[in-house]
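Read-outs throughout are calculated quantities, based only on the coordinates presented, and are distinct from any laboratory measurement. Just so it is clear, the model here is predicted, and its values are computed rather than measured. Backbone-built Cβ (ideal geometry, glycine too); neighbour counts: all protein chains shown.
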Amino acid sequence: MVFIRQRITIVNIRKPAEHNVNQELQWFGTSLGLFNLRDKDKSTFRVFIELLKSAKRRETLTSDELASRLALARGTIIHHINKLMESGLVVHEGNKYTLRVENLKALIEEVEKDIKRACEDLKEVAKEIDSRLGL
């Protein structure tokens, strides 16, 4: 049996009252559980935004390119890229990284499909367990 690990976190928080792109992007990422209090310099946010910009230009980036553009250590980039890949938002192609899809709306549609697949799998296993337990 092969297990593919994907961690999807959705945090239901109030949308920003004003229409400010930076605040909305922060809300977007926080709602996806990408940013937390330990990330004091907002490294994950910065990596995510740089990947979003590169998606707009239809380019992929290496960890070294991300490190150079963001003035962060390559190890820091790899840590945050792994987190973004684990959430299913970023894909690894060769030695380069890119967002899974070309825009945020499509990204959320893909996450929604992932959640639905996970719920279907959970229901199927729950039904089997219930049957075995006589529930």
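Brief remarks follow.
- Of H80, H19, H92, the residue with the greatest mean-square motion in the GNM of the chain, using alpha carbon springs below 10 Å, is H19.
- Cβ-based net charge around E86, under 9 Å, with every Lys or Arg adding one and every Asp or Glu removing one: +3
- Its alpha carbons considered, the chain gives a radius of gyration followed by a Dmax of 17.3, 59 Å.
- Residues with amide H under 5 Å from that of G33, placed H, sequence gap 5 or more: V11
- Distant-in-sequence amide H partners of Y97 (H built 1.01 Å from N, under 5 Å): L61, T62
- Between 0 and 90°, nearest 10: helix 74-86 axis offset from the chain longest Cα axis: 30
- For V90, the residues whose modelled amide H falls within less than 5 Å of its own, excluding neighbours fewer than 5 places apart on the same chain, are M85, R100.
- Residues in the range 16-23 carry Karplus couplings, in order, of x, 5, 9, 8, 10, 4, 4, 5 Hz; the curve used is 6.51 cos²θ - 1.76 cosθ + 1.60 with θ = phi - 60°, and Gly or Pro positions show x.
- Only lysines eight or more places from K56 in sequence, or on another chain, were considered; those with a Cα closer than 17 Å are K96, K105.
- For the chain, adding -39500 (n - 2.57) for each run of n ≥ 4 DSSP H residues and dividing by the number of residues yields -18500 deg cm²/dmol at 222 nm.
- Counting charges near R117 (Lys, Arg +1; Asp, Glu -1) among other residues having Cβ under 12 Å from its Cβ returns a value of -3.
- Placing +1 on each Lys and Arg Cβ and -1 on each Asp and Glu Cβ, with no other charges, gives the chain a dipole about its Cα centre of roughly 260 debye.
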